[in-house]
Amino acid sequence: MAPPLRWGAKTYVMGIINVTPDSFSGDGLVSPDRDIERVVDAALAQGRAMVAEGADILDVGAESTRPRQAYGDHPPVDAETEAALAVPVVRALAASLGDRVHVSIDTSKGSVAAAALEAGATIVNDVWAARRDPGTAEAAAAHGAHLVVMHNKEEAVYPDGVFETVVAWLAESVEAAVGHGVARDRIIVDPGIGFGKGTEENLEVLHRLAEMRVRLGDLPVLVGSSRKRFLGELLGGAPAGDRLEGTAATVALAIAAGADIVRVHDVAHMARTRTVADAIIRR
């Protein structure tokens, strides 16, 4: 069993394991020449490397969640196909590394969440906050798992302002999750950096992250800014693989504002960033 998550003691690094052929950042592990056994082997190798580099959580996703507004349309993945990719990877990671790290399932489908939790996952990371399928919250509740509720939106339109909208939306999502049986102390909130937000909206949310945490009752906060499009815009058009310094800046500043988990692609660099930021902030 993985060590318990103790909020406030440290910032946890969540490493991203994309079991997809079409990740926006180009790190998906699925390709036409890889059968599921080779995908699992590749994910295990990546997971072991991430743990050695300092990851505390491994987040497995088998459907690209890249926003259509920013990256164009992409075909949806049905629950059976998603589970066929994700669940064997979750099972292998949990069996091999589950005594050292938490394994998270990145899904918005209740049946996929339930199967992954049965396979050893301890966190459900739902980019639609169990609004599209309450089954993700129900599965988390049934297993006593943590549930990440993330703000999401199809379009970056905020007549009431992005900050107030995000706070209200997350507060409603938290109460809905509690209504589905998830213990409040198992809920993690995520402002959804890059999802339904342009550069200015992302910057405002990050700028006011500490305020958001207070407004949401000091629930633990996850920030996923790694390699996001707005960083490329700030850095003069830098491609996804060339946004390391921008990601590090957001990670350090998010920690200063009270983030409890940072979700990242480049684990080694961001774990080192976390170590220094924690040494300053969590004295």
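Computed from the coordinates by the stated procedures, all read-outs in this text should not be read as laboratory data. Keep in mind the model is a prediction, meaning the values are calculated, not measured. Counting neighbours? That spans all protein chains shown, and the Cβs are built from the backbone with ideal geometry, glycine included.
Just a few scattered comments:
- Pairs linking a residue in the stretch 107-120 that is without any contact (Cβ under 8 Å) to a residue 24 or more places away in the chain and crowded, with 22+ Cβ neighbours inside 10 Å to a residue that is aromatic (Phe, Trp, Tyr) and part of a loop (DSSP other than H, G, I, E, B), with Cβ atoms under 9 Å and 6 or more positions apart or on different chains, do not occur.
- Here Ala52 meets each of (1) over 25 Å from Gly194 (Cα atoms); (2) among the small types (Gly, Ala, Ser); (3) in contact (Cβ under 8 Å) with a residue 12 or more places away in the chain with one exception, condition (3).
- Exclusive hit being crowded, with 24+ Cβ neighbours inside 10 Å, without any contact (Cβ under 8 Å) to a residue 40 or more places away in the chain and among the aliphatic types (A, V, I, L, M), set Ala168, Ala139: Ala139
- In the stretch 233-245, the residues that are under 13 Å from Thr199 (Cα atoms) and of a type in the set (Gly, Ala, Ser): Gly236, Gly237
- The set of residues in the stretch 79-117 being of a type in the set (D, E, K, R) and over 14 Å from His146 (Cα atoms) consists of Glu80, Glu82, Arg91, Asp99, Arg100, Lys109.
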